[in-house]
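Worksheet: the structure to be examined is printed underneath.
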Amino acid sequence: MLEEDAERPEGEGIRPRRRLLNPWFLAALAGVVLIPALRPLLRFEPDPPPVAGQLPEWRLVDQNNEAFGSGDLAGDVYVASFLFTRCPAVCPRLTGSLRELELRYRQEGVRGVRLVSFSVDPAYDTPERLRDYAQNHGLDDERWSFVTGDEQQVRSLVEGGFGQPMGEALILWDGAVDVAHTTRLILVDQGGRIRGDYGSDRIGLDEVFHRARQVLSE
């Protein structure tokens with residue numbers, strides 16, 4: 001035995017080796033290495049939303065006073081909403097939420113998802129008023145279309161196609177106008193099929209954002 005080995009306390013030289021062979025240490029080391037690699041495989045991805053119905057073909061007019069309809073949206077996913085320009089309270093909040101949704105699609109580079117807002121007050125909401133509304137709210141008309149037209153055609157599409165309520169325009173006591181309508185968002189796929197009905201609150205916006213991407217990637 002060498003002199004320096006004789007002077008070393010017994011067991012001092014083998015402690016590091018014992019630590020490396022400790023099963024708890026090896027398990028922890030394996031977890032550090034394997035868990036990040038397995039995380040993408042363990043992430044739960046829900047199935048795309050099922051088909052809830054088929055929209056009829058439709059053709060109205062947009063904010064640029066040009067004919068616009070289901071044929072112009074074929075091949076694109078779109079989020080439908082329902083509002084009117086002289087709405088006193090609900091529609092400005094809905095428009096703000098939709099603007100956040102559109103901005104999120106743009107920031108994350110999502111192409112092929114559009115927004116379509118149908119006027120539920122078409123007798124008043126001319127293309128010019130819809131265009132002014134979009135401009136006053138700073139909305140992107142490359143992805144976002146505002147649609148109006150003959151009242152009976154609009155009502156038939158909103159109520160019969162989308163299955164959403166559309167009341168009559170009522171003059172309130174203070175002179176404001178109200179039209180009963182939904183603030184729900186309807187997800188429509190590339191073939192004009194309804195794929196979901198979502199709220200316009202924070203949770204609903206997040207869900208329709210991800211669901212639209214799922215449908216887009218089918």
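Mind checking which residues of the range 109-126 are among the hydroxyl-bearing types (Ser, Thr, Tyr) and open to solvent by 30 Å² or more (accessible area, probe 1.4 Å)? Give the derivation first.
To start, the set of residues in the range 109-126 that are among the hydroxyl-bearing types (Ser, Thr, Tyr) comprises 117, 119, 124, 126.
If the condition is that a residue be among the hydroxyl-bearing types (Ser, Thr, Tyr) and open to solvent by 30 Å² or more (accessible area, probe 1.4 Å), then TYR124, THR126 are the ones that fit.
Which of the following residues is at pLDDT below 95, out of contact with any Phe, Trp or Tyr (no Cβ under 6 Å at 6 or more places or on another chain) and within 21 Å of LEU73 (Cβ to Cβ): LEU187, LEU94, LEU98, LEU139?
Numbers: LEU187 fails: at pLDDT below 95; LEU94 fails: at pLDDT below 95; LEU98 fails: at pLDDT below 95.
Unique residue meeting the criteria: LEU139.
Taking ALA169 as the residue in question, decide whether it is in contact with a helix residue (DSSP H, G or I) (Cβ under 6 Å, 6 or more places away or on another chain), open to solvent by 20 Å² or more (accessible area, probe 1.4 Å) and more than 24 Å from ALA52 (Cα to Cα).
no
Return the residues of the range 134-155 that are in contact (Cβ under 8 Å) with a residue 24 or more places away in the chain, out of contact with any strand residue (DSSP E or B) (no Cβ under 7 Å at 6 or more places or on another chain) and more than 11 Å from ASP62 (Cα to Cα); say none if nothing qualifies. Step through it out loud before you land on a result.
Within the range 134-155, the subset in contact (Cβ under 8 Å) with a residue 24 or more places away in the chain is 134, 137-141, 143-151, 153-154.
From the residues that got through so far, the ones that are out of contact with any strand residue (DSSP E or B) (no Cβ under 7 Å at 6 or more places or on another chain) too are 137-141, 150-151.
HIS137, GLY138, LEU139, ASP140, ASP150, GLU151 - these are the residues of the range 134-155 that are in contact (Cβ under 8 Å) with a residue 24 or more places away in the chain, out of contact with any strand residue (DSSP E or B) (no Cβ under 7 Å at 6 or more places or on another chain) and more than 11 Å from ASP62 (Cα to Cα).
Would you confirm, using the coordinates I've provided, whether GLY75 is open to solvent by less than 60 Å² (accessible area, probe 1.4 Å) and at positive phi?
It is true that GLY75 is open to solvent by less than 60 Å² (accessible area, probe 1.4 Å) and at positive phi.
Limited to the range 172-189, what total is found for residues that are part of a strand (DSSP E or B) and either of a type in the set (A, V, I, L, M) or surrounded by fewer than 12 Cβ atoms within 10 Å (Cβ to Cβ) (or both)?
5
Out of (1) closer than 21 Å to GLN135 by Cβ; (2) open to solvent by less than 60 Å² (accessible area, probe 1.4 Å); (3) in contact (Cβ under 8 Å) with a residue 60 or more places away in the chain, the odd one out for ASN65 is which?
The number of the failed condition is (2).
Would you tally the residues in the range 127-148 being open to solvent by 10 Å² or more (accessible area, probe 1.4 Å) and in contact with a Pro (Cβ under 6 Å, 6 or more places away or on another chain)?
Of the residues in that region, 0 qualify.
The values are calculated or read from the model by the stated rules, or taken from the named source; none is laboratory data. Keep in mind the model is a prediction, meaning the values are calculated, not measured. Positions of Cβ are backbone-derived with ideal geometry, glycine not excepted, and every protein chain shown enters the neighbour counts. Surface accessibility is based on the protein's heavy atoms, side chains included, excluding ligands, DNA and RNA. Shrake-Rupley method; radii C 1.70, N 1.55, O 1.52, S 1.80 Å.
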